[in-house]
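Peer 1: Once you've had a glance at the structure underneath, I'll fire off some questions.
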Amino acid sequence: MKSKDGSEIVSRFDEGSFPAEGRALRPQYVQPLEPYESSFQSGFDRNTIIEYFYAILYRKWIVAGIFAVSILVAGFYAYTATPSYRSSATIEMEKVFPSSSNMNDLFSYFGQFELFYQTQIEFLKSRRLAEAFLKLMAQTDPPKKSTSEGDAQQDKAGAVSDQRQEERRQAAAADEILSRVTVTSVKGTQLIQVDMAAEDPVLAKRMLEKYLEAFVDESRRKRMEINAKVREWLKKELAETERQLKESESNLLEFSKTHGVVFQDRNPMTFLQRAGEAAYQSKDSRQTIESLKFDKDKVLPPQMSNEYLQSLKSQLASLRSEYTGLKSIYSPDYFKMGLLRNKIESLEQAIGEIEQSTLDSALESAKKKEAMSAETYEKSKQEAMGLSALMV
């Protein structure tokens, strides 16, 4: 075929666009290639998109049905799906460094804080904390026991299978709690972000508060265990030192009895006077410690205080100052204010226990020192009287 301008026209028929019963032969015209067109452009069919459009238009009811079914399925899923809410909180990790004597000791603790920070992150995702959270929730809201649970509780004492079933149930509950918790470290800071997911926003907030409360309680309990072990070790060391001191003084007295007492002064009463002064000072020290023990506002003397106790008191003063500053901004029921109150209470309790333990140890030591001083005074008095009789 030729067009009006004399160019050749190539015609072809596409029979695959329509079904056989309604097939209409539609001529398609392809213009001849220009000399400057490439081989890629020559193979390009401009009417392909139009053919697809006619095919979709012919099957429009099928396409509309598929689209409607997709919309219905998506709407049904959105209507029946349980919503998930997340409550988020940010906590700050602090570590109390012991006293350092030089800069090398101070720099050595910087690497230890990274280990402590990572340990706290792993502890926030641990099963132990999840079990502590479940116990805390059970104490707050005891669950209603069903009939099967009541039967299991009745047979739990004598049946090993029920005990294993209870352990599996607790493990499954702990796994479910851990699946709801997300712990993320904030890079470049000492902050950790903790998220708790739940089906209700109020429940998510309450669960997160209880979870962090369990974390604070567990951290406090571990610190108290460490402090108790340190106190027991110090008591043993103090008792051993006092035993050695008493044994040395007894040996000195026995030596003075056996070989005689050598006085640097010509007057033998000088040693007796010094022993009497030591006995009086030990008695006065014991009475002072007893008065401090029954005082409400315990102020330990400088010789009874230590650097660790001073560090705790400085932290307590800093927390109280921070709480007073935030009190004008946040309400007392705010979560951060509750954490600060818990820190202040735990520090006050730790300081009180350390002061009480220090006073008890000092009082016991003062009583022993008073008894030894009195015994030394009596023996020195007898020896001085004997030496005075010999000198006469």
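Quick note: the coordinates plus some simple rules give every number you see, no bench work behind them. All of these numbers come straight from a predicted model, not from anything done at the bench. As a convention, Cβ positions derive from the backbone with ideal geometry for all residues, glycine included, and neighbour counts pool all protein chains shown.
Peer 1: Sorted by packing (mean other beta-carbon atoms within 10 Å per residue), highest first, where do 340-353, 216-229 land?
Peer 2: The most tightly packed comes first, giving 340-353, 216-229.
Peer 1: So how far apart, in nm, are the two label points at TYR334 and SER250 if each is 7 Å from Cα heading toward Cβ?
Peer 2: About 6.3 nm, to one decimal.
Peer 1: Around TYR211, what is the net charge, scoring Lys/Arg as +1 and Asp/Glu as -1 over all other residues with Cβ under 14 Å from its Cβ?
Peer 2: On the way: positive: ARG86, LYS125, ARG127, ARG128, LYS135, ARG180, LYS205, ARG206, LYS210; negative: GLU131, GLU176, ASP195, GLU209, GLU213, ASP217, GLU218.
Here the count lands on +2.
Peer 1: Mind ordering 86-92, 242-248 by average Cβ neighbours within 10 Å, highest first? Spell out each step's value before the answer.
Peer 2: Values: 86-92: 15.3, 242-248: 12.3.
For the peptides 86-92, 242-248, the packing ranking is 86-92, 242-248.
Peer 1: If you take the beta carbon distance between GLU167 and GLU225 as r and set R0 to 30 Å, what does 1/(1 + (r/R0)^6) give as a FRET efficiency, to the nearest 0.05?
Peer 2: Efficiency for this residue pair is about 0.75.
Peer 1: Could you calculate the contour length gain from GLU237 to ALA138, that is, 0.36 nm times the residue separation minus the distance between their Cα atoms, to one decimal place in nm?
Peer 2: Extra length available between GLU237 and ALA138 comes to 31.4 nm.
Peer 1: Taking the Cα atoms of the range 190-245, what is the range of coordinates along each of the three principal axes, in descending order and whole Å?
Peer 2: Projected onto its principal axes, the Cα set of the range 190-245 covers 66, 22, 9 Å.
Peer 1: Separate question: If a paramagnetic tag sat 7 Å from the Cα of GLU114 along the Cα-Cβ line, which residues of the range 162-194 would have the backbone N under 14 Å from that point?
Peer 2: 188-189
Peer 1: Nearest 0.05, what FRET efficiency do PHE123 and PHE53 give at R0 = 51 Å with Cβ-Cβ as r?
Peer 2: Computed FRET efficiency for PHE123 and PHE53: 0.25.
Peer 1: On to the next question. Which net charge results when you count Lys and Arg as +1 and Asp and Glu as -1 among the other residues whose beta-carbon is under 13 Å from that of LEU340?
Peer 2: Working: positive: ARG320, LYS327, LYS336, ARG341, LYS343; negative: GLU92, GLU94, GLU322, ASP333, GLU345, GLU348.
Cβ neighbours under 13 Å give a net charge of -1.
Peer 1: Would you mind checking the pairs LYS135/LYS236; LYS235/LYS368; LYS205/LYS313; LYS236/LYS313; LYS229/LYS336 and listing those with alpha carbons more than 24 angstrom apart? Working shown, then result.
Peer 2: On the way: LYS135/LYS236 36 Å; LYS235/LYS368 15 Å; LYS205/LYS313 33 Å; LYS236/LYS313 26 Å; LYS229/LYS336 31 Å.
Distance filter (> 24 Å) returns LYS135/LYS236; LYS205/LYS313; LYS236/LYS313; LYS229/LYS336.
Peer 1: Work through the residues other than PRO201 whose Cβ is under 14 Å from its Cβ and net out their charges, Lys, Arg +1 and Asp, Glu -1.
Peer 2: Combined, the nearby Lys, Arg, Asp and Glu give 0.
Peer 1: If you don't mind, another one. Please give the contour-minus-distance gain from LEU326 to MET93: 0.36 nm per residue of separation, less the Cα-Cα distance, rounded to one decimal in nm.
Peer 2: 82.0 nm
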